[in-house]
Amino acid sequence: MSKLPTVFRSVNESLDEILIAFDKINSIYQSAKQMSPMLKQAANLIAEANAAAEQQQVRLSEAAKAARNRSFGSKQRRKASVRKRRRMP
């Protein structure tokens, strides 16, 4: 009979610790719930920035290809004009 109050006290303390843990989890959940719209907005901004950077990269690569093609074409024209000159005399 003397151990019964000790067991009750131990169970009561354990239940108190569990309740405190649940309160902490609940406060973390509420904080995350409040942060969720901000996190979604930040994720959308990051996605938009990535899409814009990707489009810019595509434009730059297309411009580089066009520049390479222009320089290659002008070299071919120069070679052709030199050939024509040689045939003329």
ask   = Taking θ as phi - 60°, what are the ³J(HN,Hα) couplings along the range 37-49 by the Karplus curve (6.51, -1.76, 1.60), each to the nearest whole Hz, with x for Gly and Pro?
value = x, 5, 5, 5, 5, 5, 5, 5, 5, 5, 5, 5, 5
message = Given a Förster distance of 41 Å, report the FRET efficiency between LYS3 and GLN30 from their Cβ-Cβ distance, rounded to the nearest 0.05.
response = 0.50
query = Residue by residue through the range 50-62, which ³J(HN,Hα) values in whole Hz follow from phi under the Karplus form 6.51 cos²θ - 1.76 cosθ + 1.60 (θ = phi - 60°), with glycine and proline marked x?
reply = 5, 5, 5, 5, 5, 5, 5, 5, 5, 4, 5, 5, 5
key: Stokes-Einstein translational diffusion, the range 34-73 - Kirkwood Rh over all Cα pairs, 0.890 mPa s, 25 °C, in µm²/s   = 200 µm²/s
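Any read-out appearing in this document is the output of simple, stated calculations on the displayed coordinates, not a laboratory observation. The model shown is predicted, which means the values in this text are computed figures rather than measured ones. Quick reminder, even Gly has a Cβ in these numbers, built from the backbone with ideal geometry, and neighbours come from all protein chains shown.
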